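Working notes, structure below.
Here, each number is a calculation from the coordinates, and none is a lab measurement. Since this is a predicted model, take the numbers as computed values, not measurements. Quick reminder, even Gly has a Cβ in these numbers, built from the backbone with ideal geometry, and neighbours come from all protein chains shown.
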Ligand code: 8YV
């Protein structure tokens, strides 16, 4: 039998995916870079990296692995990868688009409904026995409301299609207008925020969008506006968000992603006008298996000398 290729997995790898990698590769694992002592001996032989949307594939890590040819990300977002460092060495980077689009869009709509109709708060109300003492407060209608989508990529479009079915009026903001949609376009999130009731963020993470949703955007969204973030925690200025919630400058927020996961600002935990979920938008059994299959296919194709199915975009 030929010797197995040395592979380094970085971050929290789903057990079923790790098992598949272990069967096919000589598997090593670290939670965070830099590479620990345990893999130093094998570092010069590592030819592939398997990571997730949250893994940090830093320049320093890549420099410690001189033979790396491919980084396969289990996730559509690859903002944890130092892409310029991979480009300099011709290292291929792949991700898992498309297979998770519907799932993430579903959770975006789920969070929007949850915050608008106060579903988690209503659940706490019933469980606490408060229904006997009086009715639950009225909530916010979604039909006819205006939804602003920050980032009209694959997932943003899938959110828009779903929101249309709820009778919402869509507008969007992205780097440039999309030629194939009729939704009103705004060139800055603050301009979009000023025109909508719900602002849903689904733009890539990374340096280009860090802190994009800042105090000015939240102020523009206004005291009746809701923020939904299913992108990356880094896209929202979390301190500005907490301050806006505390001052009543926005009506509420529903968040699947945070700046320092799994740590969530304590100031958000006690608030009824905040809905929180643990970065789980793609986290169904079906979709996580589809993501694992695609992430694996990328590695397999590369080491078999075939083109990888889903490289990251050339400009990304
Ligand atoms: C994570 C994600 O990759 O696709 C993305 O960009 O954020 C997620 O799907 C997933 O949580 C795996 O860790």
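Below is a table of values for the structure above.
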| quantity | calculated |
| --- | --- |
| Directionally averaged shadow of the chain, computed from the convex hull of its alpha-carbon atoms, nm² | 18.1 nm² |
| Estimated [θ] at 222 nm from DSSP helical runs (n ≥ 4, -39500 (n - 2.57)) normalised by residues in the chain, nearest 500 | -9500 deg cm²/dmol |
| Mean separation of Cα contacts under 8 Å (6+ apart) over length of the stretch 101-276, as relative contact order % | 20 percent |
| Residue-span extension gain [residue 261 to residue 45] - 0.36 nm each, minus C-alpha spacing | 74.6 nm |
| Shape of the stretch 241-305, Cα gyration tensor, a/c cut at 1.5 | prolate |
| Inter-label distance, nm, simple model (7 Å from Cα along the C-beta direction), residue 32/residue 169 | 4.7 nm |
| Inter-label distance, nm, simple model (7 Å from Cα along the C-beta direction), residue 23/residue 87 | 3.8 nm |
| Order by protection proxy (mean Cβ within 10 Å, highest first), peptides 176-188, 159-171 | 159-171, 176-188 |
| Helix 15-24 vs. the chain, principal-axis angle (Cα, 0 to 90°, nearest 10) | 20 degrees |
| Ordering of 109-119, 261-271, 208-218, 24-34 by packing [mean C-beta count within 10 Å, highest first] | 109-119, 208-218, 24-34, 261-271 |
| Cα-based radius of gyration of the stretch 101-276 once divided by 2.2 N^0.38 Å, which approximates compact folds | 1.00 |
| Added length on full extension, which subtracts the Cα-Cα distance from 0.36 nm per residue, residue 304 to residue 182 | 39.6 nm |
| Residues listed by number, the stretch 159-174, amide nitrogen under 19 Å from residue 224 label point at 7 Å toward C-beta | 167-171 |
| Protection-proxy order for peptides 152-158, 13-19, each taking the mean of Cβ atoms within 10 Å per residue, highest first | 152-158, 13-19 |
